[in-house]
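The values are calculated or read from the model by the stated rules, or taken from the named source; none is laboratory data. Source: prediction; values computed, not measured. Cβ placement follows ideal geometry from the backbone for every residue including glycine, while neighbour counts extend to all protein chains displayed. All accessible areas refer to the heavy atoms of the entire protein, side chains included, with ligands and DNA or RNA removed. Shrake-Rupley method; radii C 1.70, N 1.55, O 1.52, S 1.80 Å.
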Amino acid sequence: MDDGRIGIRRRADVLATAAEEELMTPDRTVGGSGRDEAPVRRSPWLTIIVIYLTGVVAAMSYGKFSAVGPSMADELGLSLSQLGWAISAVVGVGAVAGLPAGYLVRRFGAGRSLIAALALMVAASALSTAAGSFGWLLAARVAEGVGYLVVTVACPALVLHLAEERDRGLALSIWATFVPVGIGVSTLVGGVAGEALGWRGWVLLIAGLTVLMTVALRTRLPRTSPSEAAAGPVPGARALAWPALLTASFCLMVLVTMPVVVLLPTLLIDEHASSAGAAGALTSAISFVGVLGGLSVGVLLRRGVPLAVLALSGLLVVPAAWLAYGADAPLAAAATGAGIVSLENGLLGAFAFAALPLVLERLDHADVGTGMVAQMGSVGALVGPPLFGLVAGASGFGAVVPVVAAGMLASVGGMLLVTRHVARRGRGLATKGCTKG
């Protein structure tokens, strides 16, 4: 009897493992891979790295005006508000059209959409260098925003399809760092390049880098990408219910964590009497902490850390916000609190990408899913800074802490519901396997 029970337990363990694999590959036809193929295949890491670097260069284009804003504003006669619109127009496009872009990428294929989007970004950058007025510049920037949005949808969809199941968490967590890396590089290099080449020369330099990445990407992508070869039915509202909860939680996280870093220079200057140079350098260093948070997700998932633990780590943002914004907090405490918030911003952003394939009904819904991530992340990035500025301006920086606490509690609650659904789905697949056996 004991031997029989042990055998049953071992069979249940095997079926549970198979169920976990089924979660990561909801449709066996996706990507042209079936269960009858060779059991071990390697992910095309070189291609994935090229896709990632393409995203980094696109993010450099997104943040390229920040470093050369003053000289550009002086030459074109832009007000501070107009300069802000020129910088944030890209995020505005994503906030409005992220989900439609996902369906667009699904219609034309991720590979072809990505190449077309990069070409649009190059053309828009070239047009912006010829701008002589705010209207011309804004129109070029909106067109560039459309291209950037498609890049942010198509790239992770390609990564998800190309990476093998065991590598998806790591690959997607690496992808999640493309924005802070791209903006950080753009900020560090843009000031020097802008002084040497002028703002128009800097914009053309970014356009040239985009051309190079387009060529490199074209040589690495297969002629027919997996998503183009095996697209199934278009996902409806029911199929997107759990991805919607995941991305709504992601939106809330971005909304309450990104402004902490964005407004940090103002906090350091106003509350801690820091110089503008010192505040900028410290903020740049703290923003790169988010990259470490994103990269850590892939490592932790490979070590077997449950998704629920990663989601719960978001609660650290609440005491961290109190450290950053608490009354009479010393500079070291404020910097530590902001660093923890930046770390969690990167970690939970990578969590959203890593969890996405687990809540999709089919893996070939990835393009629509990444469109949802792009739209909700853009909404949070667009709404968060002005909301925090309004609250801090009216009631002081300390009033921001309850806003952070409420937003993070709601975000973590949603993420925990998602992880519970993933676990329940895994158990259901295991039970189904037992019944078939």
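Screening Ala338 with (1) surrounded by fewer than 16 Cβ atoms within 10 Å (Cβ to Cβ); (2) at negative phi; (3) under 23 Å from the mean Cα position of the chain (by Cα); (4) not basic (Lys, Arg) gives one miss only, at (1).
Tell me yes or no: at least one residue of the stretch 347-359 is touching a residue at least 60 places away in the same chain (Cβ under 8 Å) and under 14 Å from Val317 (Cα atoms). So far as the stretch 347-359 goes, yes, one or more of its residues are touching a residue at least 60 places away in the same chain (Cβ under 8 Å) and under 14 Å from Val317 (Cα atoms).
Out of Leu382, Leu348, Leu356, Leu343, one residue alone is farther than 20 Å from Gly407 by Cβ and assigned to a helix (DSSP H, G or I). It is Leu356. Each residue in the stretch 67-77 was checked for being touching a helix residue (DSSP H, G or I) at 6+ places or on another chain (Cβ under 6 Å) and either in contact (Cβ under 8 Å) with a residue 60 or more places away in the chain or buried (at least 20 other Cβ atoms within 10 Å of the Cβ) (or both), and 4 pass. Of the residues in the stretch 136-183, how many are small (Gly, Ala, Ser), open to solvent by 10 Å² or more (accessible area, probe 1.4 Å) and touching a residue at least 60 places away in the same chain (Cβ under 8 Å)? Total satisfying the criteria: 2. Got at least one residue in the stretch 397-404 being without any contact (Cβ under 8 Å) to a residue 24 or more places away in the chain, exposed (fewer than 14 other Cβ atoms within 10 Å of the Cβ), of a type outside the set (D, E, K, R) and closer than 15 Å to Leu263 by Cα? No - not one qualifying residue is present in the stretch 397-404. I'd like the residue in the stretch 323-335 that is open to solvent by 70 Å² or more (accessible area, probe 1.4 Å) and in contact with a helix residue (DSSP H, G or I) (Cβ under 7 Å, 6 or more places away or on another chain) and, out of all such residues, is modelled with the lowest pLDDT. Applying the filter and picking the extreme gives Ala327. Residues that are over 29 Å from the mean Cα position of the chain (by Cα) and crowded, with 17+ Cβ neighbours inside 10 Å within the stretch 121-133 comprise just one, Ala131.
Here the helices (runs of 4 or more DSSP H) wholly within the stretch 264-312 that include at least 1 residues being touching a Ser or Thr at 6+ places or on another chain (Cβ under 6 Å) and surrounded by fewer than 17 Cβ atoms within 10 Å (Cβ to Cβ) are 307-312. Scanning the stretch 189-206 for residues that are free of Cβ contacts under 8 Å to residues at least 60 places away in the same chain and of a type in the set (D, E, K, R) yields one hit, Glu195.
The selection criterion, being of a type in the set (A, V, I, L, M, F, W, C), under 19 Å from Val373 (Cβ atoms) and open to solvent by less than 20 Å² (accessible area, probe 1.4 Å), holds for Ala101. Consider the stretch 381-437 and keep the residues that are modelled with pLDDT of 85 or more and hydroxyl-bearing (Ser, Thr, Tyr). The one that is farthest from the chain's Cα centre (by Cα) is Ser395.
Here Ala320 meets each of (1) under 18 Å from Val404 (Cβ atoms); (2) in contact with a Gly (Cβ under 9 Å, 6 or more places away or on another chain); (3) open to solvent by 10 Å² or more (accessible area, probe 1.4 Å); (4) hydrophobic (A, V, I, L, M, F, W, C) with one exception, condition (3). Sub-8 Å Cβ pairs linking a first residue in the stretch 255-276 that is of a type outside the set (Phe, Trp, Tyr) to a second residue that is open to solvent by 40 Å² or more (accessible area, probe 1.4 Å) and assigned to a loop (DSSP other than H, G, I, E, B), at least 6 apart or interchain, are Ile269/Ser275, ordered by first then second residue.
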